[in-house]
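Enquirer: I have a structure I would like to understand better, so I am pasting it below and will then ask my questions one at a time.
The values are calculated or read from the model by the stated rules, or taken from the named source; none is laboratory data. The model shown is predicted, which means the values in this text are computed figures rather than measured ones. Don't worry about glycine lacking a Cβ; one is built from the backbone with ideal geometry, like all the others, and counts go over all protein chains shown.
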Amino acid sequence: MKVTMRDIAEKLNISINAVSIALNDKPGVSDQMRLLILRTADEMGYINEKRKYLSVFSRSNICIMMQSYYADAGHFYSIVLKSIVEEAKILGYSSIMHYFEDANMDIPECILERKVAGILIVGKISSGNLKTLKNPGIPIVLVDFTSLYDACDCILTHNKQGGYMITNYVIQKGYKKIGFFGDLNYSLSFQDRFIGYKEALIHHHLINGYCDEQYIHKYSFLENIEKYILHHQIDCIVSLLQSKELPEVLICANDSNAFIVIQALTKLGLKVPDDIGVTGFDDIPLAQKMIPPLTTLQVQKESMGKEAVHRLVDRIQRKDYIPTTELLSVHIIERLSVK
């Protein structure tokens, strides 16, 4: 039997008139009750039967998409996601979370059925998958990622600034042999942090320019790393560190890299920071609990989530806009992993 408004009303113990008001997007019920009615109507299959109500329902939802492996990559994105969900709720939107595999992405049903007003993509996504998601014309904002292939609204950390700041910091501490540790093929964020690192080396005349690779090759670890980080393969990191001369300090691309690097150095019998300094990037909760506590760059994780939601809501309400990129600044958190 087909679902009716009476069925929805009886399930929620409210009047049929309240159900009608909510479904037709008219004043007369609270925002909280409206969302409850819409969600219940959708769960009971009423929305699909009555497609005329779909546009009303879609205005109450946003879809958050993130690659599955980020869920195991530390606390950084968990803080961003929490901020997104909380801010969306304040602005009257429910969040639908969808994890995906970039190599074989399925379009979420809520997007195919146009039950969402906008999409937030947290972290990396391939250009092909991004293009597919843009086809329905639903507003999209990228969070902690930017596309070089297509114009999109993006909320990013100022990674280049951070890479420069932390390298400049260790140089002022007296370090001369400075390496970078991070898989540049893993993300654009790592690449930007590496560019900032190089800019600082050039500014302080430790290298002669972007073509001067001898210094960087001697002290840095830039590829075939992230698979070891994700699977916590410390012995592989030990072997990697043993493959060349170690610098006086390692600028790690993020805190997760720094955590495993410190463990590997300890296994090699080296003390941080007495024998070698280590810095991170992100300031995840684990950073202050490391031994020694990690000197790192604090990223505005909560602000990133909030700004992403506000940008998306603006794009939902205003169709005539030029996509823009917003960079959130960082600041150094001094702890004990650097002399």
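Enquirer: Filter the stretch 246-270 down to residues that are in contact with a strand residue (DSSP E or B) (Cβ under 9 Å, 6 or more places away or on another chain) and among the charged types (D, E, K, R) and give me whichever is surrounded by the fewest Cβ atoms within 10 Å (Cβ to Cβ).
Expert: GLU248
Enquirer: Consider ARG315 against the criteria (1) touching a Pro at 6+ places or on another chain (Cβ under 8 Å); (2) not in a helix (DSSP H, G or I): it satisfies all of them except one. Which criterion is unmet?
Expert: (2)
Enquirer: Quickly run through the stretch 36-67 and pick out the residues that are within 29 Å of the chain's Cα centre (by Cα), more than 20 Å from PRO136 (Cβ to Cβ) and modelled with pLDDT of 80 or more.
Expert: The one that is within 29 Å of the chain's Cα centre (by Cα), more than 20 Å from PRO136 (Cβ to Cβ) and modelled with pLDDT of 80 or more: GLN67.
Enquirer: Here's another thing I want to ask about it. Condition test on LYS177, is it closer than 20 Å to GLY280 by Cβ, more than 29 Å from the chain's Cα centre (by Cα) and not small (Gly, Ala, Ser)?
Expert: So LYS177 fits the description; yes.
Enquirer: Another question about this same structure. Quickly run through the stretch 285-310 and pick out the residues that are under 24 Å from ILE90 (Cβ atoms) and among the β-branched types (Val, Ile, Thr).
Expert: Scanning the stretch 285-310 gives VAL299, VAL309.
Enquirer: Give me a count of the residues in the stretch 161-219 that are among the small types (Gly, Ala, Ser) and in a loop (DSSP other than H, G, I, E, B).
Expert: Residues meeting the conditions: 4.
Enquirer: Can you tell which of LEU297, LEU286 is in a strand (DSSP E or B) and of a type outside the set (Val, Ile, Thr)?
Expert: Exactly one residue qualifies, and that residue is LEU297.
Enquirer: Quick check: anything in the stretch 90-101 touching a residue at least 60 places away in the same chain (Cβ under 8 Å) and under 22 Å from ILE229 (Cβ atoms)?
Expert: There is no residue in the stretch 90-101 that is touching a residue at least 60 places away in the same chain (Cβ under 8 Å) and under 22 Å from ILE229 (Cβ atoms).
Enquirer: Test GLN172 against the stated conditions and say whether it is at pLDDT 95 or above, closer than 16 Å to LEU327 by Cβ and of a type in the set (S, T, N, Q).
Expert: Judged against the criteria, GLN172 is not a match.
Enquirer: Being outside any helix (DSSP H, G or I) and either farther than 23 Å from THR295 by Cα or without any contact (Cβ under 8 Å) to a residue 24 or more places away in the chain (or both): is that true of LYS244 here?
Expert: Judged against the criteria, LYS244 is a match.
Listed here are the residues, each with its yes/no results for (1) at pLDDT below 95; (2) not assigned by TED's automatic domain parsing to the domain that holds ASN185.
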residue: ASP235; (1), (2): no, no
residue: ILE262; (1), (2): no, no
residue: LYS271; (1), (2): no, no
residue: GLN317; (1), (2): yes, yes
residue: LEU327; (1), (2): no, yes
